[in-house]
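J.: Just passing along the structure, written as structure tokens.
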Amino acid sequence: MDDPAASRTYARTALAALLLATALAFAPGLRNGFVWDDVQLIVANAAPLSLDTLRDAFGRHFWDTAGFTLSGRAHFYRPVVTLAYALTRALFGAGPAGFHLLNLAAHLAVVALAFDHVRRRLDPAGRSPMAPVASAVAVAAFALHPSRAESVAWASGAPDLWAALLLLAALRLDPSRRPLPAAIAFALALLSKESVAFVPAALAVDALCLRPASERRPQLRGAAVLFAVLLAVLALRALVLPRDTLQVGAPLAAASRVLASLGHLLARTFAPWPLTAWSSRIALDARSAPVYPTRDVALGLAFVLSVLGVAVAARRSPALRPFAADLSWFALALLPVANPLNLGLAQLVADRYLYLPHLALAALLARPLLARLGRSSVVTTLSPALALLIALGALSFAHSRHFRDELTLWRHEVSVDPENPLARLSLARAIASQRRFGEALSEVRRALLSAHAQNARAVQMDGVLLAAAILLDGLPDADQRGLGSVRSFLDALGNHPGQPAQLDAGGLRMQLLLGRDDAARVRAMSAEWALPLAESALRTLAPLAAQQQFAEVQRRLPGHPRGYVGAAMALVLLDRHDEARRALERAPAVAAPGVAHALSVLRAAACAEDPEHPRERQVRCALALDLREHARRTALQRPEEPFDPGLLLAVLTADVRDGLCRRARRRLDQARTQHPAWDASEAGRVVASCGEFRPREE
């Protein structure tokens, strides 16, 4: 029965209920912090909104942020998202709350536009009162599916949201009627995430399936407009990005990869359990070649054959063509995220890849639901659907909480899959960030054992380098033997293939022998190898080597502030304080926030020129820059000189910061005995605070 007024009323009510349910399901995400890729994409990419940011966003790949150049991801080009991050930072500050609020708002906007899109697709004239109901239920399945948590409750999930929002805006503008604004919106969608590239083909299928031959030309013309936009964006990518080295691979391996990806995404669509951000860890054989689950390959093959069967049947049966058109949107949306190219990532697919396919799936679900609502009572039809939606919402609510912080996320992932070495390495990083180094190294050991058992050679290298980084961060400056072992180990890994690389520090012992290929891979790792190697030279008081290695870090990671701070500290070790200050003042703008503290210290009184007390100046400045061993050695280098309480206080401060409580107490007791007239109250307070620095057993 046609009733336009009732249809509009039902539409408003259904949309309000849909938005409220979605907001409630993902509300826990508003309290989440920055996790996982957020560190590289948001925290390290702290450039303010400006013309320079605009130029940089369109002039580099998505992962080329301050301090991170991940060559394996250089084929992602998403300048709209980079600018959205800068805009969010300008509006809400650098904290995570604004990013999560904008993610939820974007998802709600997508849901509203998706509801309008599906309703118009089912009922272009807007006369059916049941079309809004069917559309709301189908879009709710999209909105509340637990795979949405990755896109909504995780700040780095924003590319899916912006791409979907801009795509729906382009479809609402209708490229067949308003080609220019629709083309602009679609271009922005492509510049948010590459996976919307399927849309011109889907619009062409719509024209063939949903329009009589006499009315197809405008819609095909609209599809051609969007296809031209796609070609233009691909040309822009080719100009900006480094030459793409991605390959399809051998035909059989590529087919297995695509079918397994399709099968896994379908399985996660209908059985989204367990709740995890790492549902498709790739297994490797003895040659470290990927082995795909037979179940996923079979399911993917069955899906492809089903789509082809529906396409053949629709040619003969016009009644099937609307269903075929809806199915084509789902199938085509799956194709870009089903690994047609070998990305070389550690997991096959991720749940967030389902954002656009599930958006396309909504119409496929809504059409049969509308037909059933026309034949059966609303209560009978909707009761099981509402029960399912409540369950989906509850799962999304729970999964959103898993992204609260790094420890919460990676403890959950390890509980889901204890044999996932990459999850264990991420957990180790999270634990190490809380300065629980022994526990972190235990997780690294477990990860290395799992990686070895799974023939995951690359993961083993990641684990070894992480262990060295944790030791470098956790060992006290006073443990020069341990720090020297870390430095020698890192140097041998990258620079001396064929020679044993030995590590003996912090209770961790290992020996590795790398070939040329593995050593070359290690040398190519800027943040994981080149930077720690430079840090180890600085920590072992080798300023000339540190200068050279930090210069290499600056070349590789021009936006990483540590490259400039480390080089300046090497100059401080050489007592060239003014030169160190000038070097930091010349650091590029992108690194300015990260060098600000060191620059302020070098400008402060602690490092000011003091011709009468040069040694005291060196000690003060070294302590202010946390160069503890340099401060300690400089203060103690002339034991024959008269007792200097200021220098002793500096030594005690260095010991306390190193967590060497017993040593600090012994020094203090000895000084009190030798100098009974000395007022040791300030030194006593410093030593008494040693527990705050997690004291180590000596």
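The values are calculated or read from the model by the stated rules, or taken from the named source; none is laboratory data. The structure presented is a predicted model; accordingly, all values stated were derived computationally and were not measured. Neighbour counts are summed over all protein chains in view; Cβ atoms, including those assigned to glycine, are modelled from backbone coordinates with ideal geometry.
J.: For the condition in contact (Cβ under 8 Å) with a residue 24 or more places away in the chain and not in a loop (DSSP other than H, G, I, E, B), what is the one hit in Leu226, Leu252, Leu231, Leu220? Give the derivation first.
T.: Numbers: Leu252 fails: in contact (Cβ under 8 Å) with a residue 24 or more places away in the chain; Leu231 fails: in contact (Cβ under 8 Å) with a residue 24 or more places away in the chain; Leu220 fails: in contact (Cβ under 8 Å) with a residue 24 or more places away in the chain.
It is Leu226.
J.: Now for a separate question. Taking Ser433 as meeting all but one of (1) over 30 Å from Ala27 (Cβ atoms); (2) touching a helix residue (DSSP H, G or I) at 6+ places or on another chain (Cβ under 8 Å); (3) modelled with pLDDT under 95; (4) not β-branched (Val, Ile, Thr), write down the number of the exception.
T.: The number of the failed condition is (1).
J.: Of the conditions (1) in contact with a strand residue (DSSP E or B) (Cβ under 9 Å, 6 or more places away or on another chain); (2) surrounded by fewer than 22 Cβ atoms within 10 Å (Cβ to Cβ); (3) more than 13 Å from Gly507 (Cβ to Cβ), Asp479 satisfies every one except a single condition; which number is it?
T.: So Asp479 meets the others, but not (3).
J.: Let me ask another. Could you check region 61-162 for helices (runs of 4 or more DSSP H) lying wholly inside it with 2 or more residues that are within 19 Å of the chain's Cα centre (by Cα)? Explain how you work it out, then say what you get.
T.: Working: elements: 79-92, 96-122, 130-144, 148-152.
Output list reads 79-92, 96-122, 148-152.
J.: For region 598-612, how many residues meet the condition of being out of contact with any Lys or Arg (no Cβ under 8 Å at 6 or more places or on another chain), at pLDDT below 80 and either assigned to a loop (DSSP other than H, G, I, E, B) or under 14 Å from Arg576 (Cα atoms) (or both)?
T.: So the answer is 2.
J.: Here's another thing I want to ask about it. Sort out which residues of region 21-55 are farther than 30 Å from Ala398 by Cα, without any contact (Cβ under 8 Å) to a residue 60 or more places away in the chain and surrounded by 15 or more Cβ atoms within 10 Å (Cβ to Cβ), and write them in order of number. If you could, list the steps in order and put the result at the bottom.
T.: Taking region 21-55 as the starting set, the residues that turn out to be farther than 30 Å from Ala398 by Cα are 46-55.
Cutting the leftovers down to without any contact (Cβ under 8 Å) to a residue 60 or more places away in the chain gives us 48-51, 53-55.
Within region 21-55, Leu49, Thr53 meet the criteria.
J.: For region 267-298, enumerate the residues that are farther than 18 Å from Leu345 by Cα and either polar (S, T, N, Q) or surrounded by fewer than 19 Cβ atoms within 10 Å (Cβ to Cβ) (or both).
T.: Ala267, Thr269, Phe270, Ala271, Trp273, Pro274, Ala286, Thr294, Arg295, Ala298
J.: Being modelled with pLDDT under 95, within 26 Å of Asn420 (Cα to Cα), of a type in the set (A, V, I, L, M, F, W, C) and more than 28 Å from the chain's Cα centre (by Cα) narrows it down to one residue among Ala286, Ala250, Ala254, Ala298; which is it?
T.: On the way: Ala250 fails: within 26 Å of Asn420 (Cα to Cα); Ala254 fails: more than 28 Å from the chain's Cα centre (by Cα); Ala298 fails: modelled with pLDDT under 95.
Ala286 is the lone residue from the list that is modelled with pLDDT under 95, within 26 Å of Asn420 (Cα to Cα), of a type in the set (A, V, I, L, M, F, W, C) and more than 28 Å from the chain's Cα centre (by Cα).
J.: If you check every pair at least six apart or on different chains, which have Cβ atoms under 9 Å apart with a residue in region 164-182 that is modelled with pLDDT of 95 or more first and a residue that is in a loop (DSSP other than H, G, I, E, B) and of a type in the set (Ser, Thr, Tyr) second?
T.: Ala164/Ser192; Leu165/Ser192; Leu166/Ser192; Leu167/Ser192; Ala182/Ser176
J.: Condition first: in a loop (DSSP other than H, G, I, E, B) and more than 10 Å from Thr276 (Cα to Cα). Now tell me which residues in region 405-419 satisfy that.
T.: Restricting attention to region 405-419, the residues satisfying the condition of being in a loop (DSSP other than H, G, I, E, B) are 405, 417-419.
Of everything in region 405-419, those that are in a loop (DSSP other than H, G, I, E, B) and more than 10 Å from Thr276 (Cα to Cα) turn out to be Asp405, Pro418, Glu419.
J.: For Val464, all conditions in the list (1) surrounded by 22 or more Cβ atoms within 10 Å (Cβ to Cβ); (2) in contact with a Phe, Trp or Tyr (Cβ under 9 Å, 6 or more places away or on another chain); (3) closer than 29 Å to Ala654 by Cβ hold save one; what is the number of the exception?
T.: (3)
J.: Quick one: which of Gly98, Gly126, Gly72 is touching a helix residue (DSSP H, G or I) at 6+ places or on another chain (Cβ under 9 Å), in the same structural domain as Ser376 (by TED's automatic domain parsing) and modelled with pLDDT under 90? Explain how you work it out, then say what you get.
T.: On the way: Gly98 fails: modelled with pLDDT under 90; Gly72 fails: touching a helix residue (DSSP H, G or I) at 6+ places or on another chain (Cβ under 9 Å).
Of Gly98, Gly126, Gly72, the one residue that is touching a helix residue (DSSP H, G or I) at 6+ places or on another chain (Cβ under 9 Å), in the same structural domain as Ser376 (by TED's automatic domain parsing) and modelled with pLDDT under 90 is Gly126.
J.: Moving on to the next point. Within the bounds of region 350-366, is there any residue that is outside any helix (DSSP H, G or I), under 37 Å from the mean Cα position of the chain (by Cα), of a type in the set (A, V, I, L, M) and in the same structural domain as Asp296 (by TED's automatic domain parsing)?
T.: Just the residues of region 350-366 that are outside any helix (DSSP H, G or I), to begin with: 350.
Still in the list and also under 37 Å from the mean Cα position of the chain (by Cα): 350.
Restricting the remaining residues to those that are of a type in the set (A, V, I, L, M) gives 350.
Applying the additional criterion that residues be in the same structural domain as Asp296 (by TED's automatic domain parsing) yields 350.
Yes, some residue in region 350-366 is outside any helix (DSSP H, G or I), under 37 Å from the mean Cα position of the chain (by Cα), of a type in the set (A, V, I, L, M) and in the same structural domain as Asp296 (by TED's automatic domain parsing).
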